[in-house]
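The values are calculated or read from the model by the stated rules, or taken from the named source; none is laboratory data. This is a predicted model, so every value here is computed, not measured. Here the Cβ positions follow ideal geometry from the backbone for every residue, glycine too, while neighbour counts run over all protein chains shown.
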Amino acid sequence: MKTSGLLLTGAALLALIASCATPKKQMADNLDEVGITCNPEVLVVKSGKIDATITMSFPADYFYDRATLVVTPVLVYEGGQRTGEPTIYQGEKVKANYITIPKSGKLVRKCVSFDYAPGMELCHLELRCVLAYGEKKINIPAIKVADGCNSTYLLAVGSGEMDLKPDGFQLVTEHTTETSIMFDVNSAYVKNNASNNTAISLYKSYIKELEQDERYRITGTEIVAYASPEGGVELNQNLSERRADAAVKTWKKSAGVEADTIAIRSMGQDWDGFQEAMANSDIEDKDLILRVLSMYSDPAVRESEIRNLSFIYDDIKKEVFPGLRRATFVVSAEHTGYSDEELLELAQNQLALLSEPEVLHLASITETLEGKKFYNRLAAERFKSETGYYNLAYIALLEDKKEVAASYLDRCPSDKDALNLRGIIEMRYRNYDKARKFFEEAGTPAARKNLGTLSILEGDYQTAAGLLEGSGSLNEALALILAGNPEKALSIATCGTPRDSYIAAVAAARMGDAERVQSCLAEACKDADYAKRAAKDVEFVDFR
């Protein structure tokens, strides 16, 4: 597009140059043939910069061979101006090292860049030109080449998205306790010995204690019988069933009550117990046995292969098999912990009795920030809780205390959520390369959102949209707008906050939806800051 800047100044220049030498008049006579364009015509802030390309098209026979033209770009905005680097053009016979414009004409491009400052939303870019020939100089009236500046990307929330760690507290928890009576090889007879008598007594005491504790509710009792994996599947299945019957009779006799409420299970050969016992044993070459178990699933093949390892088998018979010949008494119960009200009461005078999850839960239900700090600090100091240290770092970042947050994160260096917080710290310091490495290493949903935000801040809007679409990020709709997809942005935009409404208004403006623009702006402008922004925002220039 040919600008009107030089065209509009042509008449004034003709008057100014009338008294000058004929060569200058020749330039003035052809001044309306010079074309100037600026890309973009409405300036845009991107990654903290306002960049533009100015194109000047000098026609043939316009530029006199002994003249010079100094062109200086100036960004004029509320509260000041920024002056760019001047460019000097010269005729073919000027003895200097400027840009030569031949008599045949020339198209030249100049890239200009300005650091963004608040107030530049209402600005214009102008060219200030000085024409010189010999000792004569003419200051040409300023030529406006761009008007207004779009700063929509600055709506990005760049403080980072992060999550508190769960406190690990469960009001209701499941507990299982078990004890076993033992049998001799190929036997279902319950010996009346100290070990078995103790096992029965423990089972009775477990049940009694749970029944007397109002916080526990017994959810199941059972007897589970096993056989060691030797002698064949059929034999051991029968043996395990007889052991279950013997255990039930022993329980009836010992407890003096029927066992109708106790579930009875016969498991046959206990290959799972065998594998666990082998792994925990000190038997030399136990890895050979474990390899056999991983290679074969058929019980008969397993037993045959293990017997073939005769140099190990005797040790297995002595150290492993005896512990598998058993009937296990199991009691399961449900425990109800302290309610929030009880925890808050205990915190007043019995805080030392509480566990790590309970202390962390106090931090999560406490409303004041100081209270949250206190309980997380207590968990960190008393239990060396990484969750406590992490949450303290989270709170420090809420207060923008980056160095304090970093010191807490040193106590949980390998945690993925902590890596995300480290990335946030670097992002706030504008150390974007370091921030990206932390976010990528973290790999959490929050870190992915922050990678998207980082892409917005760096001006890579397509990448940002790809990372944030469907994420529920605070910057999701904004990224879609910046990437050229206002329809999608508007479809997910909400009006939950003034910022949300403002972003929805921007999306509507880019779609030309005047009614939606007005309704969204009405909500956004209930906040004085957004009302002030909207009055200057070039996004809404066609809707005022």
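Just the residues that are part of a helix (DSSP H, G or I), closer than 30 Å to Asp115 by Cα and not charged (D, E, K, R), please, taken from region 466-498.
Passing the criteria: Gly466, Leu467, Leu468, Ala477, Leu478, Ala479, Leu480, Ile481, Leu482, Pro486, Ala489, Pro498.
Kindly indicate whether any position in region 446-460 is of a type in the set (D, E, K, R) and closer than 18 Å to Leu397 by Cα.
Scanning region 446-460 turns up at least one residue that is of a type in the set (D, E, K, R) and closer than 18 Å to Leu397 by Cα.
When region 423-460 is examined, which residues are found to be assigned by TED's automatic domain parsing to the domain that holds Asp410, part of a loop (DSSP other than H, G, I, E, B) and of a type outside the set (Gly, Ala, Ser)?
The answer is Tyr429, Arg430, Asn431, Thr444.
Filter region 503-544 down to the residues that are within 14 Å of Ala489 (Cβ to Cβ) and touching a residue at least 60 places away in the same chain (Cβ under 8 Å) and list them by number.
Ile503, Val506, Glu539, listed by residue number.
Residues that are hydroxyl-bearing (Ser, Thr, Tyr): find the strands (runs of 3 or more DSSP E) completely inside region 108-213 holding 1 or more of those. If you could, list the steps in order and put the result at the bottom.
Working: elements: 123-133, 136-147, 172-182.
Answer list for region 108-213: 123-133, 172-182.
When you go through (1) farther than 30 Å from Ala507 by Cα; (2) in contact (Cβ under 8 Å) with a residue 40 or more places away in the chain; (3) outside the structural domain of Ile88 (by TED's automatic domain parsing) one by one for Asn193, which number turns out not to apply?
(2)
Could you check, for region 360-373, whether at least one of its residues is at pLDDT 95 or above, in a helix (DSSP H, G or I) and either assigned by TED's automatic domain parsing to the domain that holds Ala246 or basic (Lys, Arg) (or both)?
yes
If you check Thr463 against the conditions, is it touching a residue at least 60 places away in the same chain (Cβ under 8 Å) and either part of a helix (DSSP H, G or I) or farther than 21 Å from Ala509 by Cβ (or both)?
Answer is no for this residue.
Scan Tyr153, Tyr189, Tyr206 and give me the residue that is among the aromatic types (Phe, Trp, Tyr), within 33 Å of the chain's Cα centre (by Cα) and over 29 Å from Thr387 (Cα atoms).
Tyr153
Among the candidates Glu161, Glu214, which residue alone is acidic (Asp, Glu) and exposed (fewer than 13 other Cβ atoms within 10 Å of the Cβ)? I'd like the intermediate steps shown before the answer.
Numbers: Glu161 fails: exposed (fewer than 13 other Cβ atoms within 10 Å of the Cβ).
Glu214 is the lone residue from the list that is acidic (Asp, Glu) and exposed (fewer than 13 other Cβ atoms within 10 Å of the Cβ).
Being polar (S, T, N, Q) and within 26 Å of the chain's Cα centre (by Cα) narrows it down to one of Thr336, Thr387, Thr328, so name that one.
Residue meeting the stated conditions: Thr387.
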